[in-house]
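**Student:** The structure that follows is given in the form of structure tokens.
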Amino acid sequence: MPSRRREREVLVADSPFVVTLDPCPEGGFHVSVPSLPGCHSQGETEDDALEAIREAIALYLDDCESTDE
């Protein structure tokens, strides 16, 4: 039976973000941040995906800060 979508909370810059983890049919995980449109990543394992999304969130926030959004 395949795994199902899960929500987790990650901390980036001392701020919590809810992320969704979706298992991919070919293996690995797709992860996204509903509160940050377009912020997605992936990883071979759940831990890899969570680490990748932490980096993606940090880059997203840096970009917003540099463009004053």
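The values are calculated or read from the model by the stated rules, or taken from the named source; none is laboratory data. For clarity, every value in this text was computed on a predicted model and none was experimentally measured. Note: ideal-geometry Cβ built from the backbone for every residue, glycine included; neighbour counts use all protein chains shown. These area figures cover heavy atoms from the full protein model, side chains too; ligands, DNA and RNA do not enter into them. Shrake-Rupley method; radii C 1.70, N 1.55, O 1.52, S 1.80 Å.
**Student:** Tell me, what is the 1.4 Å probe accessible area of Leu59, in Å² to the nearest 10?
**Tutor:** Taking all protein chains as shown, Leu59 has close to 120 Å².
**Student:** Compute the FRET efficiency between Thr67 and Arg8 as 1/(1 + (r/R0)^6), taking r as their Cβ-Cβ distance and R0 = 30 Å, and round to the nearest 0.05.
**Tutor:** Here the calculated transfer efficiency is 0.60.
**Student:** Be a star and scan the stretch 35-50 for residues whose amide nitrogen sits under 14 Å from the point 7 Å along the Cα-to-Cβ vector of Glu26.
**Tutor:** Residues passing the 14 Å test: 42-44.
**Student:** Using Cα atoms only, what is the angle between the long axis of helix 46-66 and the major principal axis of the chain, expressed in degrees (0 to 90) to the nearest 10?
**Tutor:** Taking the Cα atoms of the chain, the angle to 46-66 is about 20 degrees.
**Student:** Under a Cβ-only charge scheme (Lys and Arg +1, Asp and Glu -1), can you give me the dipole magnitude of the stretch 1-54 about the Cα centre, in debye to the nearest 20?
**Tutor:** Value, rounded to 20: 220 debye.
**Student:** Putting +1 on Lys and Arg Cβ atoms and -1 on Asp and Glu Cβ atoms, find which of Cys24, Ser66, Leu50 reaches farthest to the positive end of the dipole of the stretch 22-69.
**Tutor:** Cys24
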